[in-house]
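Inspection log for the structure reproduced underneath, given as structure tokens.
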Amino acid sequence: MAETLGISVTQSNKPLPEGVKLPIYMDNHATTPLDPRVLEAMMPYFTGIFGNAASRNHSFGWEAEQGVEKAREQIAKLIGATAKEIIFTSGATESTNLAIKGVAEMYKERGNHIITQMTEHKATLDTCKKLEKQGYRVTYLPVQADGLIDIEDLKRAMDDKTILVSIMYANNEIGVIQPIQEIGKLCHEKGILFHTDAVQAVGKIPVNVITDNIDILSLSGHKIYGPKGVGALYVRRRNPRVQISEQINGGGHERGMRSGTLNVPGIVGLGKACEICGEEMAAEAAREIELRDYLKNKLETALDYTQVNGNLDHHLPGNLNMSFIYVEGESLLMGINDIAVSSGSACTSATLEPSYVLKALGLGDDVAHSSIRFGLGRFNTKAEVDYVSDKIISVVQHLRELSPLYEMVKEGIDLSKIEWAAH
Ligand SMILES: Cc1ncc(COP(=O)(O)O)c(C=O)c1O
């Protein structure tokens, strides 16, 4: 990947294993590289087929529209929807804003209560916070220690003013898959609309809006080896017919729900990305589970005081979130700077606050800080997993040699009983 990424990394003197190039990209929940087959499908739409898909008077427009409509079919097929139920957006952040704000506005006469959960992506949480300022009531359900919501909590939170439940399909940090079918069924029984942020699930595991009882679904191109800056929103047309208020006004594109000239090459790429996922998902999921388990077993065999975060029985194939207790997270990250993974610290703030997702599971700040998210993807190989695990093992072992806390624990001292303050 190094050459493609244009990044140079200083290597140690040790020869690299066959087929491994540095830096290694293992952060596929953040984004994925574009699949070359997707790029190939997109290319003609940048130059020759450059028309505006809304131009009805000439072949330039018709050809562009054909590309868009094919993509709509490809996306719909992957999630069990019909083409007319797919609305194109600039990505899942916009899709989720449109879904939640659009329902809140459209159904405000019916009620003002929305239910979501604490480990959602910020696209959902910040949208809900904004609605709270406008007078809506939002319940943020807690999660259990394994990352799953408790269905009984959801039942208890529903009342006669609840208009929407928004629960993500799979979590981007800990890979936990929520009981979507059950949540959707409950919502339908109560006449409440159900939106899911399925960004991390679509294309990775089977998602079907009919059998999963989903009314509105957000998805994104760049998490499934498609382009960045393009996404879609599924909006159910039958049983029930969902209506959402548009959030961007203009020429009335996308059946009035999202105005703006369509990003034709991006949309064609998203469609192709969905087609490839549909064809290869089963085999690819099995391959990633094997790699993930191999990585996990290697780390667990070589290192003590590790902990996997998130329920592994309800889990995305390529995700492994692991804490290396008694290791200072930032030192660990510095030690593995030729590997692209994510840490349990939200580096968006100067204070390096620990991830709110890990905290919602009940992890202490120190354990959350020592956590690494491995995101395996389509282009990762076993040789890369070997390099990554060997590197993590040697860095963790080295840091623990320097750690007084680790030494004390090994000597059998109970850290929770120590009085640290000087008398
Ligand atoms: C679970 C989840 N939801 C939403 C988003 C936002 O998607 P986009 O980057 O397409 O706006 C992401 C990506 O970071 C995500 O992982």
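Over what distance in Å are the Cα centres of the range 92-150 and the range 238-305 separated? Using only Cα atoms to place each centre, the spacing works out to 20 Å.
Surface composition of the chain: carbon and sulfur atoms hold 53% of the protein heavy-atom accessible area at a 1.4 Å probe. When both bridge partners sit in the range 36-277, DSSP labels roughly 40% of those beta bridges antiparallel. A quarter of the convex hull surface defined by the alpha-carbon atoms of the chain gives 24.1 nm² as the mean projection. Working from label points 7 Å from Cα in the Cα-to-Cβ sense, the residue 145 to residue 181 distance is 2.8 nm. Peptides 264-271, 281-288 ranked from most to least packed, by the mean per-residue count of other Cβ atoms within 10 Å: 264-271, 281-288. Within the range 112-247, DSSP assigns beta bridges of which about 30% are antiparallel (rounded to the nearest 5). Seen from residue 325, the other residues with C-beta closer than 13 Å to its C-beta sum to a net charge of -3, counting Lys and Arg as +1 and Asp and Glu as -1.
Around residue 280, what is the net charge, scoring Lys/Arg as +1 and Asp/Glu as -1 over all other residues with Cβ under 12 Å from its Cβ?
Numbers: positive: 37, 204, 287, 378; negative: 35, 275, 279, 284, 288.
Taking every Cβ under 12 Å from that of residue 280, the sum is -1.
Cross-link pairs exceeding 22 Å between alpha carbons, from the set 122/382; 228/272; 298/382; 190/359; 122/161; 155/359: 122/382; 190/359; 122/161; 155/359. With Cα atoms as the point set, the radius of gyration and Dmax of the range 243-300 evaluate to 19.6, 56 Å.
Just how many % of Cα pairs in the range 71-155 lie over 16 Å apart, if you round to the nearest whole percent?
Details: 2231 of 3570 pairs.
Value for the range 71-155: 62 percent of Cα pairs lie more than 16 Å apart.
Among residues other than residue 30 with Cβ under 15 Å from its Cβ, the summed charge is +4 (Lys and Arg +1, Asp and Glu -1).
Each peptide in 389-395, 94-100 gets a packing score, the mean of other Cβ atoms within 10 Å over its residues, and the list from highest to lowest is 94-100, 389-395. A straight chain from residue 210 to residue 337 at 0.36 nm per residue would run longer than the Cα-Cα distance by 41.3 nm. Ordering 153-162, 214-223, 115-124 by mean Cβ neighbour count within 10 Å, with the highest value first, yields 214-223, 115-124, 153-162.
Label separation (residue 261 vs residue 249): 2.2 nm, computed from points 7 Å beyond Cα along the C-beta direction.
Sorting 204, 228 by solvent-accessible area of protein heavy atoms yields 228, 204, largest first, with a 1.4 Å probe.
Rounded, prolate or oblate: which one fits the range 36-277, using the alpha carbon gyration tensor with axes a ≥ b ≥ c (rounded when a/c is under 1.5, else prolate when a/b beats b/c, else oblate)?
The shape class here is prolate.
Per-residue accessible area (protein heavy atoms, 1.4 Å probe) orders 62, 420 as 420, 62, starting from the largest. For residue 138, the residues whose amide H sits under 5 Å from its own are 114, ignoring neighbours fewer than 5 places away on the same chain, with H placed 1.01 Å from N.
Using a simple spin-label model with pseudo-atoms 7 Å out from Cα toward Cβ, residue 356 and residue 152 lie 2.7 nm apart. Within the chain, DSSP assigns beta bridges of which about 55% are antiparallel (rounded to the nearest 5). For the range 50-100, the spread of Cα positions along the three principal axes, ordered from largest to smallest, is 36, 22, 14 Å.
Using the heavy atoms of the protein chains and a 1.4 angstrom probe, tell me the accessible area per residue for the range 5-151 in square angstrom. Don't jump to the answer; show the numbers that get you there.
On the way: 7480 Å² over 147 residues.
Dividing the accessible area of the range 5-151 by its residue count gives 51 Å².
The values are calculated or read from the model by the stated rules, or taken from the named source; none is laboratory data. Here the structure is a predicted model, which is why all the values come from computation and not from measurement. All Cβ positions, even for glycine, are placed from backbone atoms using ideal geometry, and neighbour counts span all protein chains on display. The accessibility values were calculated without ligands, DNA or RNA, using every heavy atom of the protein model including side chains. Shrake-Rupley method; radii C 1.70, N 1.55, O 1.52, S 1.80 Å.
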